[in-house]
1. Looking only at residues that are under 26 Å from the mean Cα position of the chain (by Cα) and not aliphatic (A, V, I, L, M) in segment 282-302, which one is farthest from the ligand (Cβ to nearest atom)?
2. Check off (1) under 17 Å from HIS362 (Cα atoms); (2) touching a His at 6+ places or on another chain (Cβ under 7 Å) for ALA301 and give me the number that stays unchecked.
3. Can you tell me which condition LEU39 does not meet? The list is (1) surrounded by 15 or more Cβ atoms within 10 Å (Cβ to Cβ); (2) touching a helix residue (DSSP H, G or I) at 6+ places or on another chain (Cβ under 9 Å), and all the others hold.
4. Hey, any hits in segment 43-55 for a residue that's without any contact (Cβ under 8 Å) to a residue 24 or more places away in the chain and within 19 Å of VAL309 (Cβ to Cβ)?
5. When segment 159-171 is examined, which residues are found to be farther than 12 Å from GLY212 by Cα and either within 20 Å of the chain's Cα centre (by Cα) or touching a residue at least 60 places away in the same chain (Cβ under 8 Å) (or both)?
6. With the requirement that a residue be among the small types (Gly, Ala, Ser) and either surrounded by 20 or more Cβ atoms within 10 Å (Cβ to Cβ) or at positive phi (or both), what does segment 372-409 give you?
7. Inside segment 124-218, counting only helices (runs of 4 or more DSSP H) that do not spill past its ends, which hold 2 or more residues that are more than 16 Å from the ligand (Cβ to nearest atom) and within 17 Å of VAL238 (Cα to Cα)?
8. How do the pairs read when you match residues in segment 389-405 that are free of Cβ contacts under 8 Å to residues at least 40 places away in the same chain and within 20 Å of CYS363 (Cα to Cα) with residues anywhere that are charged (D, E, K, R) and within 11 Å of the ligand (Cβ to nearest atom), using Cβ under 6 Å and keeping only pairs 6 or more apart or on different chains?
Amino acid sequence: MSTAAATGAAEPVLEVFPPGTRRDGDGVLVIGGCRVDELAAAHGTPVLIVDEPHLRATARRYRAALAAAWPDAQVSYASKAFAATAMYRLMAEEGVWVDVAGLGELEVALAAGVDPATILVHGNAKGDDLIARALEAGVAYVVIDNLNDVDRLERHATREQPVLIRLNPDVAPATHEAMSTGGHESKFGLPAALARQAIARVRDAERLTLAGVHVHIGSQINDLTPFAESVRALRALVDELGIADVAVYDLGGGLGVPHLRGERVPTVEEYVAALADAAREHLPPGARILIEPGRSLVASAGVSLYRVVTVKRAAATFVAVDGGMGDNLEVSLYGQPFEAVLAAPVAPGARPPERCDVVGQHCESGDRLVAAAELPAPVIGDLLAVPVTGAYTYPMSNNYNGALRPPVLFVGDGEHRAVIRRETLADLVRRDVR
Ligand code: LLP
């Protein structure tokens, strides 16, 4: 048991767990009213625990902040952050639209019962199958990213389809280069010259209606300045292109989230206020504003729970768990730092703190979840919890080294339900042709 749990003092690291996360008297972590040792006993590890009331609360915060800031506005969830039936249903129940970026996401959203009139379709390589399905379903907007999109839209439209044009604002925020999408060298969006051609073609097309414009400058952006700058740049492009008559301004997503104790990142309210201030300065008062948060809607609700499999005291203390880059690629791909805490001591007694590298089970040195974590000297069987893993973990999970993708549990008010089951060994050969 940690000293903090023993004394009842607040444990600083719990600030990056879902609100209400606490320790039971015996030191076991309790998330959404559920003891993690009981969740692990029932569902195994690794497991992704998602605090459902916190997810809903974040969706409501976004909606309330946006409604207070701008008369005609809509939150649309960038579902790539966590595209699953339960998540689509939850967002629909909370009055949040959804963005999809591929045929698979569109099919899952439709199968989950999302109203097509609340779906936006993105992608820089939309095939005929995606465009045809989107048009047939009757989605709210298809977002044009290239001239080939226009060809396909013309080919498949059988009735009027509103579209947005994704513009390249040439705004590059400070984030990992793989997550920066607004610079002029980006593969996303149309620079002015190409946008002009796309607009002319949409205007000429019998069944396409130019409803508005879109920008998205990147992800895990912890500074509000580039967002405001992107709104200014968007307006300048709209004027340059002579399309000031469009109503819809989709300002994209990209707000970062804190992953570490003490880390300060703008809140949802501060982010929405910054966008609204920029909109008041640069956009027409009658504009319809859309925003597309992904990470900042879902990340903080997720906690990954692992079990310690081996402990090796060599160049460092390597604490290896039963997951890793199979269920969380954020470290390997972007160097994202995370926290790790002992979630369920098997033998609580007094354990000296030890500096540990929490590593995964995969055959790569980059498969490390947390460097230099301070943990009570770990032993095999300990449960470790890694918070802020609700975004871009589940959808990017994989079978490297034959890992089975973990189940997802929604927890809340002391109840839990599996919304995605664990993959099985049988799943691993299901697609193999024998
Ligand atoms: N809108 C568009 C058009 C996007 O491409 C994205 C994210 C979003 C909205 C949502 O951005 P967010 O609010 O989640 O930052 N794989 C990376 C993240 C890539 C984000 C891609 N686009 C990761 O694992 O962190």
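1. Here is the first cut: in segment 282-302, the ones under 26 Å from the mean Cα position of the chain (by Cα) are 288-302.
The next check asks that each one be not aliphatic (A, V, I, L, M); those that pass are 288, 292-296, 300, 302.
Details: ARG288: 17, GLU292: 4, PRO293: 4, GLY294: 3, ARG295: 4, SER296: 6, SER300: 12, GLY302: 13 Å.
Result: ARG288.
2. Just one mismatch for ALA301, condition (1).
3. Condition not satisfied by LEU39: (2).
4. Residues of segment 43-55 that are without any contact (Cβ under 8 Å) to a residue 24 or more places away in the chain, as a first pass: none.
Within segment 43-55 (the criterion being without any contact (Cβ under 8 Å) to a residue 24 or more places away in the chain and within 19 Å of VAL309 (Cβ to Cβ)), the answer is no, since none of the residues qualifies.
5. Those that are farther than 12 Å from GLY212 by Cα and either within 20 Å of the chain's Cα centre (by Cα) or touching a residue at least 60 places away in the same chain (Cβ under 8 Å) (or both): PRO169, ASP170, VAL171.
6. Taking segment 372-409 as the starting set, the residues that turn out to be among the small types (Gly, Ala, Ser) are 372-373, 377, 381, 385, 390-391, 397, 402-403.
ALA372, ALA373, GLY381, ALA385, GLY390, ALA391, SER397, GLY402, ALA403 - these are the residues of segment 372-409 that are among the small types (Gly, Ala, Ser) and either surrounded by 20 or more Cβ atoms within 10 Å (Cβ to Cβ) or at positive phi (or both).
7. Values: elements: 128-137, 147-156, 192-204.
Filter on segment 124-218 gives 192-204.
8. Sorted first by the residue in segment 389-405, then by its partner, the list stays empty.
The values are calculated or read from the model by the stated rules, or taken from the named source; none is laboratory data. Note that this is a predicted model, so its numbers are computed, not measured. Reconstructed Cβ throughout: ideal geometry from the backbone, glycine too, with neighbour counts over all protein chains shown.
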